[in-house]
Amino acid sequence: MTAAFAKVRHPTGPRVRLQPLAELDGRAWRRIAQHFRDPEIAFLNGTPPNRMPVWLLKRVLKADARRVDRATYGILDEAGDYIGTIELYDIRPDRATLGIIIGERSHWSRGYGPEAIEALLDVAFEERGLQVVQLHTFADNPRAQAAFKKVGFSEVRRAPVAGGRVDVQMTLPRHVWLERRGGLAGYPPKRDEGHDAR
Ligand SMILES: CC(C)(COP(=O)(O)OP(=O)(O)OC[C@H]1O[C@@H](n2cnc3c(N)ncnc32)[C@H](O)[C@@H]1OP(=O)(O)O)[C@@H](O)C(=O)NCCC(=O)NCCS
C-alpha cells in the first residue's frame, strides 16, 4: 500500500463513509450475511444466494479483500450503520471493475449508491491513478443503470448471457470523471501517467 493510498483509507461522501472490509464489526458482518442470503439481492447481483454461516463468509470475503487486485469497503450511512458493500476488483495498472450492493432496502433509491460510488471513484482515479473504471450490470436492473449514469458512467455494450438475461457493460474514463468535477488537479495527466483514455 502506498503512502498516498493510506492517506485516504476512509473515503467519504456527504452522508456515507467507506470503511475497509477488515475493519467492520460483528453487527456489520451479520448484515452482510443477511444481504448475501437474500434471493432478490442475489438475483440483482447475478449470483446464487449464499448460505455460508457468518464466520465462514467473513473468512472467505476477508481473504478475497486481501488480494492486491481488490479494494473492498463497507458502506456506512450517516448514523454509522453498515448498509452495503462496494469494491474495485480486477484492478490493473490502468483500470478496474466496480461492484456495489446496498443490501438495506430502506436505503434504496435515496442516493446512497451514487454517493458511495463517488467516494470509491476518488480512490480509483485520485489515489490509484486509474484511467478507466468499468462495471457490469443487468438490463433488468434499471435502478442500478440510473444510479451509474448519475455519476458519469455510460453504456458501451449489451450482450446476452446465461439465464436469458442481458449484460450491460458501462465505463467511466478518467477524463469524464475529471470534467464532471470541473477539471480539477491532476488533469491533464503527467507524461508518465500513460495515455489519456479519450
Ligand atoms: C443499484 C444501487 C447501487 C443504486 O443505488 P441507489 O442509492 O438505490 O440509487 P439512486 O438513489 O440513485 O436511485 C437510482 C435511480 O433509479 C430510479 N429507479 C428506481 N427504481 C427504478 C425502476 N424500477 N426503473 C427505473 N428507475 C428506477 C430511482 O428513482 C433513482 O432515480 P432518481 O434519483 O432520479 O429518482 C442500489 O439500489 C443497490 O445496491 N441495489 C441492490 C443491489 C444491486 O442492484 N446492485 C447493483 C448490481 S450491478
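What strands (runs of 3 or more DSSP E) completely inside the stretch 106-177 contain at least 2 residues that are within 13 Å of the ligand (Cβ to nearest atom) and of a type outside the set (Ser, Thr, Tyr)?
Ranges flagged: 132-138, 166-173.
Collect the residues in the stretch 75-94 that are of a type in the set (D, E, K, R) and over 13 Å from the mean Cα position of the chain (by Cα), keeping them in residue-number order.
ASP77, GLU78, ASP81, ARG92, ASP94
A quick yes/no check of all residues on (1) surrounded by 15 or more Cβ atoms within 10 Å (Cβ to Cβ); (2) in contact with a strand residue (DSSP E or B) (Cβ under 9 Å, 6 or more places away or on another chain); (3) farther than 20 Å from ILE41 by Cα:
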residue: PHE125; (1), (2), (3): yes, yes, yes
residue: GLN131; (1), (2), (3): yes, yes, yes
residue: GLN145; (1), (2), (3): yes, yes, no
residue: LYS149; (1), (2), (3): no, yes, yes
residue: VAL156; (1), (2), (3): no, yes, yes
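Condition first: more than 9 Å from the ligand (Cβ to nearest atom) and either assigned to a loop (DSSP other than H, G, I, E, B) or not acidic (Asp, Glu) (or both). Now tell me which residues in the stretch 86-97 satisfy that.
LEU88, TYR89, ASP90, ILE91, ARG92, PRO93, ASP94, ARG95, ALA96, THR97
Considering each of ASP140, ASP64 in turn, give the residue that is among the charged types (D, E, K, R), more than 30 Å from HIS175 (Cβ to Cβ) and more than 17 Å from the chain's Cα centre (by Cα).
Within the list ASP140, ASP64, the selection yields ASP140.
Scan the stretch 119-140 and report the pairs whose first residue is of a type in the set (Gly, Ala, Ser) and at pLDDT 95 or above and whose second residue is buried (at least 18 other Cβ atoms within 10 Å of the Cβ) and in a strand (DSSP E or B), with Cβ atoms within less than 7 Å and a gap of 6+ or a chain change.
ALA119/LEU18; ALA124/LEU88; ALA124/ALA96; ALA124/VAL133; ALA139/VAL168
Which one of TYR89, TYR73 is touching a Ser or Thr at 6+ places or on another chain (Cβ under 6 Å) and surrounded by 15 or more Cβ atoms within 10 Å (Cβ to Cβ)?
Just a single option satisfies the conditions, and that option is TYR89.
How many residues are in contact (Cβ under 8 Å) with a residue 60 or more places away in the chain, farther than 23 Å from ALA162 by Cβ and surrounded by fewer than 17 Cβ atoms within 10 Å (Cβ to Cβ) if we restrict to the stretch 20-52?
Adding up the residues that qualify gives 1.
The values are calculated or read from the model by the stated rules, or taken from the named source; none is laboratory data. In this text the structure is predicted, and so the values were computed from the model without any measurement. Neighbour counts are summed over all protein chains in view; Cβ atoms, including those assigned to glycine, are modelled from backbone coordinates with ideal geometry.
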